[in-house]
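Novice: If you scroll down you'll find the structure; I have some questions about it.
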Amino acid sequence: MALHHLHTAVCALLLLAGALSSVACRQDEVRTLSESLDRALADKSDYDARKEARINELRRMRAIPEITPHQEYDINTELYREFKKYRLDSAIRYIERNVTLGRQLDNQQYIIESELRLARLYSSSGMSIEARTILESIDPATLPGTLRHIYYRACSQFYQHYAALTDKSGYNLVAQQYTDSMLLAGQTHTLRYRLAAAGRYSEYMPADSVEKALLRLFNEIPPEDSHHAEAAYMLGNFYYECGDESNARKYYLLSALTDVRLSIKENASFQALAVLFYNDGNLAQAFKYSQAAIEDALFSKVQFRTAQMSELYSIISASHQAKEVKSKNKLQYYLALISILSAVLVLLFAFVFRQMRKLYRVKEELSRINGELARLNDELAEKNEQLSEANTIKMQYIARFFDLCSMYIDKMDDYRKRLKKLAQDQKYDLLYRQLKSTSMLETEQGELYKNFDAIFLNLYPSFVEDFNALLNEDERIKLRSKNLLNKELRIYALLRLGITDSVKIASFLRCSLSTVYNYRTKIRNKASVSRETFEKMVMKIGSNRHSEG
């Protein structure tokens, strides 16, 4: 009897040891897969580059002038397969072209096949109305078996995506009904049928049968096939629903690893991993995988994935940041504690006294630097006040310029009244002489230019000197009066004020447009800097002075 109890106890211990060993091995396997996924994420750009290389090769084939419409259709289909889980907008573009080719060739197989693919792409990209319009325009009863299978799959995906975008779970029931119709019409020998059947019938089959079916599928599909990632994801979902989170994590990692290596951007594995790690409290990994998921969704432009991830990403990101802040505060606390302990040790050991004195001197230096910074801040405030004053002065000059304009308008009105009086008094000879004379116009024009020059040179007192510095030494402009500009300088003064339209410059200076062009070309030819940058440098004259206040 005693030997029997001893034998039972030994067996129980062996079973317990075996179970613990199995758990440890599984944990090591998950850790290894996680590290492999992190390395794959670091090399993501390399995998994407290989994907782009395949795409570019197909594009080069498509660009061959001699290809027939049927050949272009086949190449577009290959490009669609490359793009459909990579970049939706590109996939849409090539399938839209296939619809056009099908109509040109009057090939109903091409048309229906392409429209059904287009409906699936539209629903993934959030174009629900366009997808629904295509699906409602097709009568499944008129379709052959292969296309009817594709039609029901497109309808199922449409309602799945619509449920994700609208957050209405009722559409998932409609999607399941279409999945059932797809399976009834199905191509039973295809991987797509077997994956769909395993996912749909898992609700009615024993768990061990579902597990065996999914594992058989997973092991049959090579890792370079995108269905490998899908089978791994379905296994992850199965184990997650069974409460086996360790195996769920393993197969989600395998699915994500395949997604990265095949550049599959339309994926769900990263989202599932983010949820698992978030629930386990591993916020760093959860944040990393949620970030990968949202980046892939945005890159591929899969609208329903973006909608699914947005809220989750916000929650995980906020939790991750809060943990980072908490860790930082804890670190600061420990640093402070260590500093206090160090100070106590310094008091206990006399030879550290010298270091303490050095620390004191450093603090004094920091205090001095802080004082210097305070002084510089005061100077900066003073400079800002000066800049504000300079801006006020500039506004006053602008107001003065508008006052001059108003004064000229009043003068013109007085001149008009005088002419009107001469006309009323029938002094036509005097009226004619007044109209013929240009003395007033010349006087007022000269006065306008004089005021313009004075205002401009008050705004930019070093303009002439700085402008000459941009010219060759023997071509520099010498003015008869330091308060007046010549026509060439007035053209560039107007440019400095932001008036770059030559027509407006010609109107202001009362000269022809060709004269303005000739003056500008002539001056650029005299420049000591490149002709292309000359006028840009003129536009910067006086900028430093104003910025310095």
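Novice: For residues that are in a helix (DSSP H, G or I) and open to solvent by 40 Å² or more (accessible area, probe 1.4 Å), scanning just region 160-169, find the one that is farthest from residue 114 (Cα to Cα).
Specialist: Going through the qualifying residues, I end up with 166.
Novice: Something else: What is the one condition in (1) small (Gly, Ala, Ser); (2) open to solvent by 20 Å² or more (accessible area, probe 1.4 Å); (3) closer than 22 Å to residue 276 by Cβ that residue 213 does not satisfy?
Specialist: (3)
Novice: Across region 215-267, which residue is farthest from residue 191 (Cα to Cα) among those that are among the aliphatic types (A, V, I, L, M) and without any contact (Cβ under 8 Å) to a residue 40 or more places away in the chain? Let's see the steps before the verdict.
Specialist: Restricting attention to region 215-267, the residues satisfying the condition of being among the aliphatic types (A, V, I, L, M) are 215, 217, 221, 229, 231-232, 234-235, 248, 253-254, 256-257, 260, 262, 264.
With without any contact (Cβ under 8 Å) to a residue 40 or more places away in the chain added as a condition, the list becomes 215, 217, 221, 231-232, 234-235, 248.
Details: 215: 13, 217: 8, 221: 9, 231: 10, 232: 14, 234: 13, 235: 15, 248: 22 Å.
Among those residues, the one meeting the criterion is 248.
Novice: Among (1) in contact with an Asp or Glu (Cβ under 6 Å, 6 or more places away or on another chain); (2) open to solvent by less than 40 Å² (accessible area, probe 1.4 Å), where does residue 511 come up short?
Specialist: Of (1) in contact with an Asp or Glu (Cβ under 6 Å, 6 or more places away or on another chain); (2) open to solvent by less than 40 Å² (accessible area, probe 1.4 Å), only one is false for residue 511: (1).
Novice: Which of the following residues is touching a residue at least 40 places away in the same chain (Cβ under 8 Å), in contact with a Ser or Thr (Cβ under 7 Å, 6 or more places away or on another chain) and either hydrophobic (A, V, I, L, M, F, W, C) or open to solvent by less than 80 Å² (accessible area, probe 1.4 Å) (or both): 470, 448? Walk me through it before giving the result.
Specialist: Values: 448 fails: in contact with a Ser or Thr (Cβ under 7 Å, 6 or more places away or on another chain).
None of the other options fit; the residue is 470.
Novice: What are the residues in region 60-93 that are open to solvent by 70 Å² or more (accessible area, probe 1.4 Å) and free of Cβ contacts under 8 Å to residues at least 12 places away in the same chain, if any?
Specialist: If the condition is that a residue be open to solvent by 70 Å² or more (accessible area, probe 1.4 Å) and free of Cβ contacts under 8 Å to residues at least 12 places away in the same chain, then 60, 63, 64, 65, 66, 71, 74, 81, 93 are the ones that fit.
Novice: Considering only region 324-383, state which residues are open to solvent by less than 80 Å² (accessible area, probe 1.4 Å), modelled with pLDDT under 75 and small (Gly, Ala, Ser).
Specialist: Correct list: 327, 336, 339, 342, 343, 381.
Novice: In addition: Does residue 250 fit the bill of being farther than 23 Å from residue 159 by Cβ, open to solvent by less than 40 Å² (accessible area, probe 1.4 Å) and either part of a loop (DSSP other than H, G, I, E, B) or of a type in the set (Lys, Arg) (or both)?
Specialist: Yes.
Novice: Same structure again: Just checking, does region 492-506 include any residue being open to solvent by 50 Å² or more (accessible area, probe 1.4 Å), closer than 20 Å to residue 459 by Cα and touching a strand residue (DSSP E or B) at 6+ places or on another chain (Cβ under 9 Å)?
Specialist: Among the residues of region 492-506, not one is open to solvent by 50 Å² or more (accessible area, probe 1.4 Å), closer than 20 Å to residue 459 by Cα and touching a strand residue (DSSP E or B) at 6+ places or on another chain (Cβ under 9 Å), which makes the answer no.
Novice: Checking residue 126 against (1) part of a helix (DSSP H, G or I); (2) at positive phi; (3) not hydroxyl-bearing (Ser, Thr, Tyr), which test does it fail?
Specialist: Failed condition: (1).
Novice: For region 99-119, check the following and say yes or no: at least one residue is under 19 Å from residue 303 (Cβ atoms) and either acidic (Asp, Glu) or part of a loop (DSSP other than H, G, I, E, B) (or both).
Specialist: Looking for residues that are under 19 Å from residue 303 (Cβ atoms) and either acidic (Asp, Glu) or part of a loop (DSSP other than H, G, I, E, B) (or both), one finds none in region 99-119, hence no.
Novice: Given the conditions (1) surrounded by fewer than 17 Cβ atoms within 10 Å (Cβ to Cβ); (2) among the hydrophobic types (A, V, I, L, M, F, W, C); (3) touching a residue at least 60 places away in the same chain (Cβ under 8 Å), which single one is not true for residue 173?
Specialist: The one condition residue 173 does not meet is (3).
The values are calculated or read from the model by the stated rules, or taken from the named source; none is laboratory data. None of the values given here were measured: they were computed from a predicted structure. A quick note on method: Cβ atoms are made from the backbone with ideal geometry, for glycine too, and the neighbour counts reach across all protein chains shown. These area figures cover heavy atoms from the full protein model, side chains too; ligands, DNA and RNA do not enter into them. Shrake-Rupley method; radii C 1.70, N 1.55, O 1.52, S 1.80 Å.
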